[in-house]
Amino acid sequence: MKEDIVLTISQLSKTYGKKQVLHPVDLKVKRGECVVLCGGNGAGKSTLIKMITGIEKQSTGKFTFKVDNKKKFGFMPDAMDFPGELTAIEVLKYYGKFLNASEDKINELLKRVGLWDVRNQKVGSFSKGMSQRVNLAQTLLADVDVYILDEPTNGLDPYWVIEFKEIIHDLKREGKTILLSSHIMRDVAEISDRVVILFEGAIKEDGSLEEIYARNNCESLEEVFLKLLKLQTNQSVLRKTLEYDAG
Ligand SMILES: Nc1ncnc2c1ncn2[C@@H]1O[C@H](COP(=O)(O)OP(=O)(O)O)[C@@H](O)[C@H]1O
Ligand SMILES: [Mg+2]
């Protein structure tokens, strides 16, 4: 049977000035799959996400979404600067207008992200974790098949990390496709159907957790990441030694 691919990324790359922050990336995301894009700070996760969400123009390559909805995806950026004077419910109503979201849906989401009791408080007074939950709620207002989330667990306390994972499980049960990024690998490893590890702007691993652990003889993504880091350090020491010997 032919695979149902929702998002196809081909040779997508990004260069800022002389710095290539993303080497040509190929990636296919299947319908109903939850793909977790892992990597350390500066690996290129947000850059990749910004390109496929149309915020940044790619330097090379292309991507295509295969979705029915006119609005392609729900997008949770890594940081949202909501107008501090608005209350949580006002923020969601504002976004809801563009997305044709009903009042019921807004109320349901405020409850789902634990902000119902503070819905009339100004978001300017919210903690990082609370703002992040407003950000998550605005993303889920979009009634779409694909959700793209950049560092969604950033700033969430342990309770809300668990709740967040529940929300992702619910979306998966509804057959939604999810692409999310995280540098906090233990937060998201277990919700993934597939993990893609970005390291210095290149994909170093792509597979299920089990496959990646077996390939690297590791028991956690952190271990895999540290192995990549060590390999890179050894290579750069070797490079420097060779340069020294040559020169
Ligand atoms: N607008 C920009 N101009 C120059 N360099 C940038 C810009 N945005 C990101 N970068 C660089 O690209 C690299 C990847 O950044 P980013 O995609 O934000 O990483 P991640 O999200 O994985 O932490 C970093 O080295 C970062 O400094
Ligand atoms: Mg980022």
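The values are calculated or read from the model by the stated rules, or taken from the named source; none is laboratory data. Here the structure is a predicted model, which means the values were calculated and not measured. When we count neighbours, we look across all protein chains shown, and the Cβ atoms used for this are built from the backbone with ideal geometry, even at glycine.
Go over the candidates K45, K111 one by one and state the one that is of a type in the set (K, R), closer than 30 Å to A189 by Cβ and under 21 Å from the mean Cα position of the chain (by Cα). Spell out how you get there, then give the answer.
Details: K111 fails: under 21 Å from the mean Cα position of the chain (by Cα).
From the options K45, K111, the qualifying one is K45.
Residue-wise test of (1) modelled with pLDDT of 95 or more; (2) out of contact with any Leu (no Cβ under 7 Å at 6 or more places or on another chain); (3) of a type in the set (G, A, S).
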position	(1), (2), (3)
Y147	yes, no, no
P152	yes, no, no
K165	yes, yes, no
H169	yes, yes, no
E174	yes, yes, no
I178	yes, no, no
I184	no, yes, no
V188	no, no, no
V195	yes, no, no
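Can you go through S46, S59 and tell me which one is farther than 24 Å from D145 by Cα and either assigned by TED's automatic domain parsing to the domain that holds E205 or in contact with an Asp or Glu (Cβ under 7 Å, 6 or more places away or on another chain) (or both)? Don't jump to the end; show me each part of the working.
Working: S46 fails: farther than 24 Å from D145 by Cα.
Being farther than 24 Å from D145 by Cα and either assigned by TED's automatic domain parsing to the domain that holds E205 or in contact with an Asp or Glu (Cβ under 7 Å, 6 or more places away or on another chain) (or both) holds for just one of S46, S59, which is S59.
Of everything in segment 146-175, what is in contact with a helix residue (DSSP H, G or I) (Cβ under 9 Å, 6 or more places away or on another chain), assigned to a loop (DSSP other than H, G, I, E, B) and among the charged types (D, E, K, R)? Give them in sequence order.
E151, D157
What single numbered condition from (1) surrounded by 15 or more Cβ atoms within 10 Å (Cβ to Cβ); (2) under 23 Å from the mean Cα position of the chain (by Cα) fails to hold for D81?
(1) is the only condition that D81 fails.
Of all residues in segment 51-94, which are free of Cβ contacts under 8 Å to residues at least 24 places away in the same chain and outside any loop (DSSP other than H, G, I, E, B)?
If the condition is that a residue be free of Cβ contacts under 8 Å to residues at least 24 places away in the same chain and outside any loop (DSSP other than H, G, I, E, B), then E90, K93, Y94 are the ones that fit.
Check A101, A137 and return the single one that is in a loop (DSSP other than H, G, I, E, B) and either of a type in the set (G, A, S) or under 27 Å from L221 (Cβ atoms) (or both).
Numbers: A137 fails: in a loop (DSSP other than H, G, I, E, B).
Selected residue: A101, the only one of A101, A137 that is in a loop (DSSP other than H, G, I, E, B) and either of a type in the set (G, A, S) or under 27 Å from L221 (Cβ atoms) (or both).
If V161 satisfies every condition in (1) away from ligand 1 (no atom under 16 Å from the Cβ); (2) out of contact with any Ser or Thr (no Cβ under 8 Å at 6 or more places or on another chain); (3) within 18 Å of R112 (Cβ to Cβ) but one, which is the exception?
Going through the list (1) away from ligand 1 (no atom under 16 Å from the Cβ); (2) out of contact with any Ser or Thr (no Cβ under 8 Å at 6 or more places or on another chain); (3) within 18 Å of R112 (Cβ to Cβ), V161 breaks only (2).
Look through L86, L110 and report the one residue that is modelled with pLDDT of 95 or more and crowded, with 17+ Cβ neighbours inside 10 Å. First the steps, then the outcome.
On the way: L86 fails: crowded, with 17+ Cβ neighbours inside 10 Å.
Just a single option satisfies the conditions, and that option is L110.
Going by what's in this entry, would K230 be described as under 30 Å from V144 (Cα atoms) and either at pLDDT 90 or above or not acidic (D, E) (or both)? Don't jump to the end; show me each part of the working.
Details: under 30 Å from V144 (Cα atoms): no; either at pLDDT 90 or above or not acidic (D, E) (or both): yes.
Spelling it out, it is not the case that K230 is under 30 Å from V144 (Cα atoms) and either at pLDDT 90 or above or not acidic (D, E) (or both).
In the set N100, N41, which member is within 16 Å of ligand 2 (Cβ to nearest atom) and modelled with pLDDT under 95?
On the way: N100 fails: within 16 Å of ligand 2 (Cβ to nearest atom).
Among N100, N41, only N41 is within 16 Å of ligand 2 (Cβ to nearest atom) and modelled with pLDDT under 95.
Please enumerate the residues belonging to segment 184-202 that are of a type outside the set (D, E, K, R), buried (at least 19 other Cβ atoms within 10 Å of the Cβ) and within 16 Å of ligand 2 (Cβ to nearest atom).
Listed by number, the residues that qualify are M185, V188, V196, I197, L198, F199, G201.
Consider E33 against the criteria (1) outside the structural domain of Y159 (by TED's automatic domain parsing); (2) more than 16 Å from ligand 2 (Cβ to nearest atom): it satisfies all of them except one. Which criterion is unmet?
(1)
Can you pull out the residues in segment 1-50 that are part of a loop (DSSP other than H, G, I, E, B), within 23 Å of I212 (Cβ to Cβ) and either out of contact with any Ser or Thr (no Cβ under 7 Å at 6 or more places or on another chain) or of a type in the set (D, E, K, R) (or both)? Before you say what the answer is, go through the steps one by one.
Taking segment 1-50 as the starting set, the residues that turn out to be part of a loop (DSSP other than H, G, I, E, B) are 1-4, 17-18, 31-33, 39-44.
Narrowing further to those that are within 23 Å of I212 (Cβ to Cβ): 3, 31-33, 39-44.
Across segment 1-50, the qualifying residues are E3, R31, E33, G39, G40, N41, G42, A43, G44.
Please specify each residue of segment 110-151 satisfying the condition of being within 12 Å of L92 (Cβ to Cβ), hydrophobic (A, V, I, L, M, F, W, C) and touching a Ser or Thr at 6+ places or on another chain (Cβ under 7 Å).
Answer for segment 110-151, where residues must be within 12 Å of L92 (Cβ to Cβ), hydrophobic (A, V, I, L, M, F, W, C) and touching a Ser or Thr at 6+ places or on another chain (Cβ under 7 Å): just V123.
Only one of (1) closer than 25 Å to F164 by Cα; (2) among the aromatic types (F, W, Y); (3) within 16 Å of ligand 2 (Cβ to nearest atom) is not met by F73, so which one is it?
It fails just one condition, (3).
Do we have K204 as at pLDDT 95 or above and farther than 30 Å from S59 by Cα here?
Working: at pLDDT 95 or above: yes; farther than 30 Å from S59 by Cα: no.
No, not satisfied.
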